[in-house]
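Chemist: Sharing a structure with you now.
Only the coordinates and a few stated rules stand behind these numbers; no lab work does. Predicted model only: the values in this text are computed from it and were never measured. Note that we place each Cβ from the backbone using ideal geometry, even for glycine, and neighbour counts take in every protein chain shown.
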Amino acid sequence: MKKSLLFFATISLLFFTACTSRKNDSATSGKVERTETSADAKPVADSTLYGTATDDWGMSTFAVKTVDGREVQLVRTHNDGTSAQIYGDLTPGNAYALTTTDNGTALAIAINLTQLKQVVRSGFKIVNGQLLLPRSNGEEPVEILKLDADSLVAKGQTTVYRFGKNKH
């Protein structure tokens, strides 16, 4: 009797858990949807935060002092269990572009700007945590495959971009 009651309770719990709908948090997916609309459409506000990493963070947290002077401490794991996307090394004192999720409590994307500027130099832009690289007819959103102190490898729609640090 106890086994059948336990089995029924487990199945019921699984059924109710599977039937609940979840909101899709686009910041955690790491993918940016681009839709082209009419020329008079208003641009989306940039949610990217800029700041310098402090030394007040650990294995599960990330802390920055934003350009406007606020100190922000974020967890690196989202409420749904997925991890933040961190491009480049985590180094106190380095500049970062970042976005948040889970109502501003979790880190969604962090890009080490100090390292990015060393290898790309200029011409790039970051909008809503998405790296845009210059090309002849405008800017191309790219997926960062690798970023470290010496190189950047990023993939656009048709091009793989490779930047390296100039060594003297």
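Chemist: Taking the Cβ of each residue in Y161, Y96, Y50, Y87 as the centre, tally the other Cβ atoms inside 10 Å and list the residues starting with the fewest.
Modeler: Y50, Y161, Y87, Y96
Chemist: Using Cβ counts within 10 Å as a stand-in for footprinting exposure, how do D150, D55 rank, fewest first?
Modeler: The order, fewest Cβ neighbours first, is D55, D150.
Chemist: Here's a follow-up. Among L133, L107, rank each residue by its count of other Cβ atoms within 10 Å, from fewest to most, as a rough exposure measure. Kindly include the intermediate steps, with their values, before the conclusion.
Modeler: Working: L133 18, L107 29.
The most exposed by this proxy come first: L133, L107.
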